[in-house]
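Input: a single structure, listed below in structure tokens.
Each reported figure results from applying straightforward, stated rules to the coordinates on display, with no laboratory input. Note that the structure is predicted; figures quoted are calculated from it, not measured. Quick reminder, even Gly has a Cβ in these numbers, built from the backbone with ideal geometry, and neighbours come from all protein chains shown.
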Amino acid sequence: MANLIVSNICNANCDFCFASSFLHKKMNLITQRFMSFEEIQFYMNLLDQSGVHDVRLLGGEPTLHPNFPEIITNIRSHQKHITIFTNGVLSEKVLQTLEDITPDVCSIILNMNAKILQDQIQIREKTLIRLGNKVISGYTITNPIFALDFLTQMIMDYSLQRVIRLGLALPILKKQNAALHPKQFPAAGHCLAEQSAITFQKGIRIEPDCGFVRCMFSENDFSILKEHNFHYVSCCSPVIDICTDGQILHCFALSEKYYEKFDQSMGILEIRKKFLERTKPWRFSGIYPECGTCSYKIRGECSGGCLSMIMSRFNPVGVSENL
Amino acid sequence: MEFFGYSFSKNLYWVNNKEGVVVVDDQHQRSYVLESAESVLWRLLINQIDAEAIVRQFSIIISVPEDQIMGKILSIIEGWKKNGLVERMNG
Ligand code: SF4
Ligand code: SF4
């Protein structure tokens, strides 16, 4: 799997956005709004060579790319599965492109708590009506107390796929974005267990994104979630981001520290391996002081949490560069 | 930061964990979990109090008499030097 960051711009303004600070900086430096079609073709060939079959299109808002339909056609000609992460404010041209493809070829993950304007909400509604069961709802937990009933209702009203892809608002290292604090995780975990009853009743499955940790759920909450079809995974494993200008990132959260300039001698999988090696020393710790001795971690049931959170716990010694 | 003729190496990061102080050597991509006496000494050194106070407080905290404490400190620092966490100051 690899992420192609095809757009450096976005038409929404989410305060929890992972990408915004990196993309703003990029726009200031190189003013390239989109990955060129030639670059995309180049990376598709590279992904072929590396045996990567899943391509995820991200941004900014990937559907703003002026060649979006051609990009989809190109990726499909490489027989790859496509996942699009979008805020759902889609143009007619993009909608037509996506109406023509089936969910087994392309998944559309729509960020349901994107901060969009009133007139954009109407456009998104059109998207939900026309794409219906092609859409998977994405939701980011930005507050430990949250409700999934409105989302459940939308899934039912628009006949969306009965899946919620649930993310945690995680911090960008050295930057300010609206993120949860590890101390808020247990409250968020408890709230999720409660909310899972609502989604389960409607046959909706919740799939967690990266950064979840085991101890955010009490034993009782964990068994409730299990009963409610929540597939707990604790991972911090990068799906590397391929950006314009040949820049490759571990992930947006660590974009200030772990990035590489693309180098012909290395395949995508080697670059990912290199990131994993470079981040390994930090992974012995976790988001809490007790992670190093935690039985969940020892048993492999928890990764220790988001590396960006882990690294921000550390203090530099003397003249070390500030994290 | 100087102490007893040594200084910390570059690109080190540390955190207080339950198991002790964890140090990441970012340059060499290694991490170390310091033992309890090492963790105490590390914290005292990081706080940059003067050498005499470090010796006195370390001796009290780990219950080693003051006439033996310097040997203990130097042996810990020597171990850190082997692992590249500290360097000897020249001159
Ligand atoms: S490793 Fe850390 S975050 Fe994970 S369950 Fe244990 S204490 Fe919690
Ligand atoms: S550091 Fe890990 S958990 Fe955090 S955003 Fe990146 S991949 Fe996800």
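Rounded to the nearest 20 debye, the dipole size of the protein assembly as shown about its Cα centre is 140 debye, using +1 on the Cβ of Lys and Arg and -1 on the Cβ of Asp and Glu.
By the Cα gyration tensor, chain B has an equivalent ellipsoid whose semi-axes, rounded to whole angstrom, run 21, 16, 11 from largest to smallest. Annotation: amide H of B:S31 within the under-5 Å range of B:D25, sequence separation 5 or more or interchain, hydrogens built in the peptide plane. Got a sec? Charge dipole of the protein assembly as shown, +1 on Cβ for Lys and Arg, -1 for Asp and Glu; which of A:T152, A:C14, A:G60 is way out at the positive end? Working it through, the farthest residue towards the positive pole turns out to be A:T152. Distant-in-sequence amide contacts of A:C302, defined by a placed amide H-H separation under 5 Å and a gap of 5 or more residues or a different chain, comprise A:K297. For chain A, a Gaussian network of Cα nodes joined below 10 Å ranks A:L166, A:L180, A:L46 by mean-square fluctuation, and the top entry is A:L46. Computed from the alpha carbon positions, the gyration tensor of the protein assembly as shown leads to an equivalent ellipsoid with semi-axes of 46, 26, 17 Å, biggest first.
How fast does segment A:23-92 diffuse by Stokes-Einstein, in µm²/s, taking the Kirkwood radius from C-alpha pairs at 20 °C and 1.002 mPa s? Numbers along the way, then the final one.
Working: Rh = 13.1 Å.
Here the translational diffusion coefficient equals 164 µm²/s.
Would you mind checking which residues have amide H under 5 Å from A:I84's amide H? H placed 1.01 Å from N; only 5 or more apart, or other chain. Distant-sequence amide H within range of A:I84: A:L57, A:S107, A:I108, A:I109. Would you mind telling me which residue in A:G189, A:G305, A:G51 has the biggest mean-square fluctuation in a Gaussian network model of chain A, where springs connect alpha carbons within a distance under 10 angstrom? Highest fluctuation of the listed residues: A:G51.
Which value in deg cm²/dmol, rounded to the nearest 500, describes the helix-derived mean residue ellipticity at 222 nm for chain A, given -39,500 (n - 2.57) per DSSP H run of n ≥ 4 and division by the residue count?
Values: 11 runs with 114 residues, N = 323.
After summing the helix terms and dividing by residue count, I get -10500 deg cm²/dmol.
Placing unit charges on C-beta atoms (Lys and Arg positive, Asp and Glu negative, everything else neutral), compute the dipole magnitude of segment B:11-85 about its Cα centre in debye, rounded to 20. Don't jump to the answer; show the numbers that get you there.
Values: 7 positive and 10 negative charges, 31 e Å.
That gives segment B:11-85 a dipole magnitude of about 160 debye.
Rank the residues A:S308, B:S59 as a footprinting-exposure proxy: fewest other Cβ atoms within 10 Å of their Cβ go first.
On the way: A:S308 28, B:S59 18.
Fewest-to-most ranking of A:S308, B:S59: B:S59, A:S308.
The DSSP beta bridges internal to chain A are antiparallel in roughly 15% of cases.
Give the average, rounded to an integer, of partner chain Cβ atoms located within 10 angstrom of each Cβ in A:303-315. Walk me through the numbers on the way to the answer.
Working: counts 0, 0, 0, 0, 0, 0, 0, 2, 4, 1, 6, 8, 6.
Mean partner shielding for this stretch: 2.
Along the axis of the charge dipole computed for the protein assembly as shown (Cβ charges of +1 for Lys and Arg, -1 for Asp and Glu, origin at the Cα centre), the listed residues A:F262, A:L90, B:G84 are led at the positive end by A:L90. Note on segment A:61-180: the C-alpha convex hull projects to 8.5 nm² when averaged across all orientations.
In terms of other Cβ atoms within 10 Å, B:I61, A:I287, B:I77 run from fewest to most in the order B:I61, B:I77, A:I287.
Taking Cα centroids, how far is segment A:204-267 from segment A:157-195 in Å? So the two Cα centres are separated by 12 Å. The Cβ shell under 14 Å around B:E87 holds other residues with a net charge of +1, Lys and Arg each +1, Asp and Glu each -1. Label zone of A:K273 (point 7 Å out along Cα→Cβ, amide N under 18 Å): in segment A:37-80 this covers A:46-53. Here's the picture: charge each Lys and Arg Cβ at +1 and each Asp and Glu Cβ at -1 in segment B:11-85, and of B:M70, B:V55, B:Y32 the one pushed furthest to the positive end of that dipole is B:Y32. Taking the centroid of alpha carbons for each part, segment A:81-119 and segment B:26-46 are 49 Å apart. Rounded to the nearest 20 debye, the dipole size of segment A:169-323 about its Cα centre is 220 debye, using +1 on the Cβ of Lys and Arg and -1 on the Cβ of Asp and Glu.
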